[in-house]
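What follows is a short report on a single structure.
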Amino acid sequence: TKKITIAIDGFSSTGKSTVAKQLAKELGYVYVDTGAMYRAVTLYALRKKYISEINFDTAALINDLPIIKLKFIFNPEVGFGEMYLNDEKVEKEIRQMEVSQYVSKVAAVPQVREMLVAQQQEMGREKGIVMDGRDIGTVVFPDAELKIFMTASAQERAQRRYKELSERGEEVTYKEVLENVEGRDLLDTTRKDSPLVKAEDAKEIDNSHLTLAGQFERILELYHEAI
Ligand code: C5P
């Protein structure tokens, strides 16, 4: 069968990465989590103190972009590529709440987007890829054969994320997580450069009331329609 490009976009914590990974595994495709790339750049900016509660030195970050090296390295034990920032594995660090708090600000910087979009397009050049993010179907791969737009209520998403973070031992409250989810939704949908919107030809899946299995079944159906 021919290999296609699959774009999965949607709000934060809709479970995009879970289905995207599952789908990539099923099809033998490469999975790319573009959120991890924005998160790694954010981690870099936080470590350099370019961004904090009171300031954001975008000029300094832009100046450093050429020396920020991002790489996914496939880990057979987990079955997908893990994020490396300048040769350091940062898979855990980029999922921390602090990074989540700042990532949408970093992702709103056009020069950051330009660099990451170019890298993403390069990764997808040979198709056979499942990429998840916010602008994959609209900007990165407008010609993707299959585009999926995932939604779920903010409460549902915050509940899932809260569970995930608590299980990992992070000390957060449900309220903080809900505020973060809603805050990122707002920033992601209102930013000037590549705001989160459903591509016209994307298929929407609201998974508020779907089981993982039900959701995956629906996506496989859409895949078979697309090829
Ligand atoms: O997918 P995840 O929630 O990890 O993404 C973190 C943040 O990165 C998003 O809230 C968004 O601000 C940004 N992002 C983006 N474009 C993408 C992927 C993520 O702007 N393609």
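The values are calculated or read from the model by the stated rules, or taken from the named source; none is laboratory data. Since we're looking at a predicted model, the values are computed, not measured. Quick reminder, even Gly has a Cβ in these numbers, built from the backbone with ideal geometry, and neighbours come from all protein chains shown. Just the protein is used for accessible areas: all its heavy atoms, side chains included, with ligands, DNA and RNA removed. Shrake-Rupley method; radii C 1.70, N 1.55, O 1.52, S 1.80 Å.
Quick grid of which residues meet (1) among the hydrophobic types (A, V, I, L, M, F, W, C); (2) in contact (Cβ under 8 Å) with a residue 24 or more places away in the chain:
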residue	(1), (2)
A36	yes, yes
A40	yes, yes
R47	no, no
Y50	no, no
L61	yes, yes
K69	no, no
I73	yes, no
E93	no, yes
S100	no, yes
Return the residue satisfying two criteria in turn: it lies in segment 1-37 and is surrounded by fewer than 23 Cβ atoms within 10 Å (Cβ to Cβ) and of a type in the set (F, W, Y), and of such residues it is farthest from the ligand (Cβ to nearest atom). Y29
Does any residue in segment 147-168 that is farther than 28 Å from L222 by Cα come within less than 6 Å, Cβ to Cβ, of a residue that is at pLDDT 95 or above and not in a loop (DSSP other than H, G, I, E, B) six or more places away or on a different chain, and which pairs are these? Y162/Y174; Y162/V177
Of the residues that sit in segment 96-138 and are of a type in the set (G, A, S) and in a helix (DSSP H, G or I), which one is nearest to the ligand (Cβ to nearest atom)? S104
Do any helices (runs of 4 or more DSSP H) entirely within segment 1-70 hold 1 or more residues that are touching a strand residue (DSSP E or B) at 6+ places or on another chain (Cβ under 8 Å) and aromatic (F, W, Y), and if so, which? 34-47
Going through segment 10-69 one residue at a time, which ones are under 11 Å from the mean Cα position of the chain (by Cα) and closer than 14 Å to L116 by Cα? V32, D33, T34, G35, A36, M37, Y38, R39
How about segment 138-189: which of its residues are open to solvent by less than 50 Å² (accessible area, probe 1.4 Å) and aromatic (F, W, Y)? F141, F149
Does segment 68-79 contain at least one residue that is in contact with a Lys or Arg (Cβ under 8 Å, 6 or more places away or on another chain) and within 13 Å of the ligand (Cβ to nearest atom)? no
